[in-house]
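Notes follow once the structure below has been shown.
The values are calculated or read from the model by the stated rules, or taken from the named source; none is laboratory data. Fair warning: this is a prediction, and the values are worked out from it, not measured in the lab. For neighbour counting, all protein chains shown are included, and Cβ atoms are generated from backbone atoms with ideal geometry for every residue, glycine included.
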């Protein structure tokens, strides 16, 4: 197990990068604490796999340092870093038995045969592979092969960290939940530093204690699944986390707060001062669809809106509303009535967030 620290890290696949757009990873500093279960979440092309390959030693960064337990490892190979990496597609030795696949890294280290047998049996039990130890790997299903790939990392006592690069891509959907839970159990049992790369927010939140959300080659927020959902610090996090993502409303600044259409929202004095001291930029209000309140009758605080669309998803429904010329979504439980034509909306103040140039504006700097 190891603490993994990234210092001033950046990477470009261009030999002579001319600007920030030429970098797959823009300068970042980050710490993965020893024994943690982490996810690296983001869309394709955001730099997730590049960062993972730099941590493992498969790729050398253009700038910056990777440290394991305070020791710079930039010049060390993956083998010297004692990293285990599980890729999108299972990597197994087809002609070997499952037992020999799991035993391979231990035998390479010269571990005594009795210890090899004991360790392989232990990991096989954890991964539900005990019944197929004598099978040739080529005869396994895709999920069994992926568990063998995971097992080769778990079987070693000296592993610093296990890195997973979208490991459930080829797994049938009904088996994905089972394997995610298995990974969680493995982490709890062995307390190994694990970093799990995925574009799937459900996979990330099921597996990880804390999630690093990547966008444009940078980690834009690092936090628990609840923190990312309830208080996204970047508009991309609001958009990417949640189903559907956060509503954003472009607003203008006025004397008492912000406004859109004919709606004026008063802000606390501290927030107004912050806005006044910022350079001109794009200002947006953000609110989750779950927190938009929809009513079928008017009252003083409610805003008039038009129902544009309705999606019935069984246990809940998504209503699209035209609010002062801006389309927003509200998520309603199956027991809630859905207005037809006209609706009335309230936006609870405790769930409204203000963003300036995509960054969350706090009351205090």
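Being farther than 15 Å from residue 360 by Cα and under 26 Å from the mean Cα position of the chain (by Cα) narrows it down to one of 301, 290, 269, so name that one. Steps first, please.
On the way: 301 fails: under 26 Å from the mean Cα position of the chain (by Cα); 269 fails: under 26 Å from the mean Cα position of the chain (by Cα).
After ruling out the rest, the residue left standing is 290.
Quick one: residue 161 ticks every box in (1) surrounded by 23 or more Cβ atoms within 10 Å (Cβ to Cβ); (2) without any contact (Cβ under 8 Å) to a residue 40 or more places away in the chain; (3) more than 21 Å from residue 241 (Cβ to Cβ) bar one, so which box is it?
The single condition residue 161 does not satisfy is (2).
Scan region 135-147 for residues that are touching a residue at least 12 places away in the same chain (Cβ under 8 Å) and assigned to a helix (DSSP H, G or I) and jot them down.
Within region 135-147, 137, 138, 142, 143, 144, 145, 146, 147 qualify.
How do the strands (runs of 3 or more DSSP E) wholly within region 214-288 filter down when requiring 2 or more residues that are in contact (Cβ under 8 Å) with a residue 12 or more places away in the chain, assigned by TED's automatic domain parsing to the domain that holds residue 53 and within 26 Å of residue 304 (Cβ to Cβ): which remain? Give the steps one after another, and end with the answer.
On the way: elements: 218-223, 247-250, 257-260, 263-266, 283-287.
Counting at least 2 such residues, we get no strands (runs of 3 or more DSSP E) at all.
Can you name every residue in region 34-45 that is under 16 Å from residue 159 (Cβ atoms) and out of contact with any helix residue (DSSP H, G or I) (no Cβ under 7 Å at 6 or more places or on another chain)? Give the derivation first.
First, the residues of region 34-45 that are under 16 Å from residue 159 (Cβ atoms): 34-38.
If the condition is that a residue be under 16 Å from residue 159 (Cβ atoms) and out of contact with any helix residue (DSSP H, G or I) (no Cβ under 7 Å at 6 or more places or on another chain), then 34, 35, 36, 38 are the ones that fit.
Out of 175, 202, which single residue is in the same structural domain as residue 141 (by TED's automatic domain parsing), within 14 Å of the chain's Cα centre (by Cα) and assigned to a helix (DSSP H, G or I)?
Within the list 175, 202, the selection yields 202.
With the checklist (1) more than 22 Å from residue 131 (Cα to Cα); (2) modelled with pLDDT under 85 in hand, flag the one item residue 174 doesn't pass.
All conditions pass for residue 174, except number (1).
Report whether or not residue 40 is in the same structural domain as residue 199 (by TED's automatic domain parsing) and modelled with pLDDT of 95 or more.
Criteria met by residue 40.
Quick check on my filter: what residues within region 62-88 are on the phi > 0 side of the Ramachandran plot and surrounded by 12 or more Cβ atoms within 10 Å (Cβ to Cβ)?
Here is the first cut: in region 62-88, the ones on the phi > 0 side of the Ramachandran plot are 64, 69-70, 82.
Residues satisfying the conditions are 64, 69, 82.
Please enumerate the residues belonging to region 93-134 that are in a loop (DSSP other than H, G, I, E, B) and surrounded by fewer than 16 Cβ atoms within 10 Å (Cβ to Cβ). So that I can check it myself, show each step before the final result.
Here is the first cut: in region 93-134, the ones in a loop (DSSP other than H, G, I, E, B) are 93-96, 109-112, 127-129, 133-134.
Answer for region 93-134, where residues must be in a loop (DSSP other than H, G, I, E, B) and surrounded by fewer than 16 Cβ atoms within 10 Å (Cβ to Cβ): 93, 94, 95, 109, 110, 112, 128, 134.
Do the conditions hold for residue 168, that is, is it in the same structural domain as residue 45 (by TED's automatic domain parsing), buried (at least 20 other Cβ atoms within 10 Å of the Cβ) and modelled with pLDDT under 90? Full working, then the answer.
Working: in the same structural domain as residue 45 (by TED's automatic domain parsing): yes; buried (at least 20 other Cβ atoms within 10 Å of the Cβ): yes; modelled with pLDDT under 90: yes.
Judged against the criteria, residue 168 is a match.
Of all residues being surrounded by 19 or more Cβ atoms within 10 Å (Cβ to Cβ) and in a loop (DSSP other than H, G, I, E, B) in region 27-53, which is farthest from the chain's Cα centre (by Cα)? Just the residue, please.
Taking the candidates together, the pick is 36.
Does residue 290 count as within 24 Å of residue 338 (Cα to Cα), in contact with a strand residue (DSSP E or B) (Cβ under 6 Å, 6 or more places away or on another chain) and surrounded by 14 or more Cβ atoms within 10 Å (Cβ to Cβ)? Before the answer, list the steps.
Details: within 24 Å of residue 338 (Cα to Cα): yes; in contact with a strand residue (DSSP E or B) (Cβ under 6 Å, 6 or more places away or on another chain): yes; surrounded by 14 or more Cβ atoms within 10 Å (Cβ to Cβ): yes.
When the stated conditions are applied, residue 290 passes them.
Which condition number in (1) farther than 20 Å from residue 238 by Cβ; (2) surrounded by fewer than 17 Cβ atoms within 10 Å (Cβ to Cβ) is the one that residue 307 fails?
(2)
Being within 15 Å of residue 97 (Cβ to Cβ) and out of contact with any strand residue (DSSP E or B) (no Cβ under 6 Å at 6 or more places or on another chain) is true for just one of 175, 140. Which residue is that? Spell out how you get there, then give the answer.
Details: 175 fails: within 15 Å of residue 97 (Cβ to Cβ).
Going through 175, 140 in turn, the sole match is 140.
Which numbered condition trips up residue 328, out of (1) over 19 Å from residue 353 (Cβ atoms); (2) assigned to a strand (DSSP E or B)?
Here residue 328 clears every test but (1).
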